[in-house]
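This report refers to the structure that appears directly beneath it.
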Amino acid sequence: MRYFHRCSHWTREISQLYREISRLCLSLVCQQVQREFHLPAGDFPNVEHFREVLSGYSIDKFEKLKPKMIQSVDDMLGYDIPELLKNFRNPYD
């Protein structure tokens, strides 16, 4: 779920800032997201590489996150997959 929240936040923040600033300071955005969602720094990509990748995209044309889809994925990760894993033998037992 962290990934979805980060993408949603980045899309909002970057869309607003990208129009105003030619060179976006992604490190500040990463720090802001990190503080807001209490995420470890290791969850974020290399800022310079990420900047290069983003330069090939029009950020304001990214699709908006769909809360229903996020909830479905969250339910799958929280309930469906653990139930499925119960059907398999643990090789370490």
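Residue pairs whose Cβ atoms lie under 8 Å apart, sitting 6 or more positions apart in sequence or on different chains, and linking a residue in the stretch 68-84 that is within 15 Å of Ser8 (Cβ to Cβ) to a partner that is at pLDDT 90 or above and hydrophobic (A, V, I, L, M, F, W, C), do not occur here.
Of the residues making up the stretch 47-63, just one is within 22 Å of Gln31 (Cα to Cα) and among the basic types (Lys, Arg), namely Arg51.
The values are calculated or read from the model by the stated rules, or taken from the named source; none is laboratory data. These figures come from a predicted structure and were not determined experimentally. Cβ sites come from the backbone with ideal geometry, for glycine too, and all protein chains shown count toward neighbours.
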